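Notes for the one structure printed next.
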Amino acid sequence: MLGRNYVWMSGEPNEFHNQSGFLKACSQDPVLGTVKLIAEPWDCGPGGYQVGGFPPGWAEWNDKYRDQVRDFWRGELPVSLLADRLSASASLFHHQGRRPWACVNFITAHTGLRSTMSSPTMINTMRRMVNRTRMGASTIGHGIVVQKDELRIPPFEAESALLRFVQILPRFDTNIPYCGVIYS
Amino acid sequence: MSPGSMRRDFPGNNNTGTTRRSAASACCWMAGRSHRVFANAAKEATLLIVFNAYHEGVDFFLPECEGGREWSLVDTNAPEHHDKNAIPVGSSYVVTGCSLVLFKLLLES
């Protein structure tokens, strides 16, 4: 992940720091300083989950929107927890003068699977993948566990429509065959 | 509009499903007009987004607000309603299960 410390910084080596040299260099670069900078703020290393931790000037993918809105439509999240997600997740991103555009809401990413799709074709595809693993359940992208006999997938149309109305920056994915129809 | 003017109706309040329905349905108000004291008052449309993640329909009472006459429905579940059947403020509307409905406020002329 961008922003990890190296030996010349204080603190632990490879620890994320939102004032790291690389992030500072990006904001000072004559070209990068004028374009939109969007981070995928996690990796699999220690301390690698940094959603909301990037400095002003950066936008970040908001995986909490993806997970919690999906849970809401699946009936597994009370609506009282949804307000922050619908208002650009200020609890995560509103610090150091960061604006609502620092939050990039999305409902799917580059996994090659539309975890939210509710079409029969998609469900059948997921079932085939689950069966192929010869297990009772399978993890398909983003840690979603799909049971062999129970697919609880939120209504795609409703989830997609809600994404269009929430505050700031929706993101739709196009590099996967299941969602070629949505793009903005 | 006050936040308390938004309410939902769950027939049979002793039903154990009431809590479940209440937790799965909500609405979001997007005011398009700013207060008149501002020099450049916003004059955008006022929208009401209602989303219902419960698998059955939930009855929503559409809120009253100053200067508002009706809520115009934009509902892809019932396309015949487009621009024809605006719903008076304060009336109720059944939102289909697992769906999202968008209303636009029509002002008194």
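Let me know the mean shielding of A:71-81 by other chains, meaning the per-residue number of their Cβ atoms within 10 Å of its Cβ.
Going residue by residue through A:71-81 and averaging, the value is 4.
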DSSP-loop GluC sites (Glu not before Pro) across region A:1-96, with at most 14 other Cβ within 10 angstrom: A:GLU76
query: Sequence-distant or interchain residues sharing an amide H contact under 5 Å with A:ILE38, placed H: which?
result: A:ALA59
- prompt: Of B:CYS27, A:CYS44, how do they rank once you tally other Cβ atoms within 10 Å and put the fewest first?
  reply: A:CYS44, B:CYS27
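Computed from the coordinates by the stated procedures, all read-outs in this text should not be read as laboratory data. Computed from a predicted model, the values in this text were never measured in an experiment. As a convention, Cβ positions derive from the backbone with ideal geometry for all residues, glycine included, and neighbour counts pool all protein chains shown.
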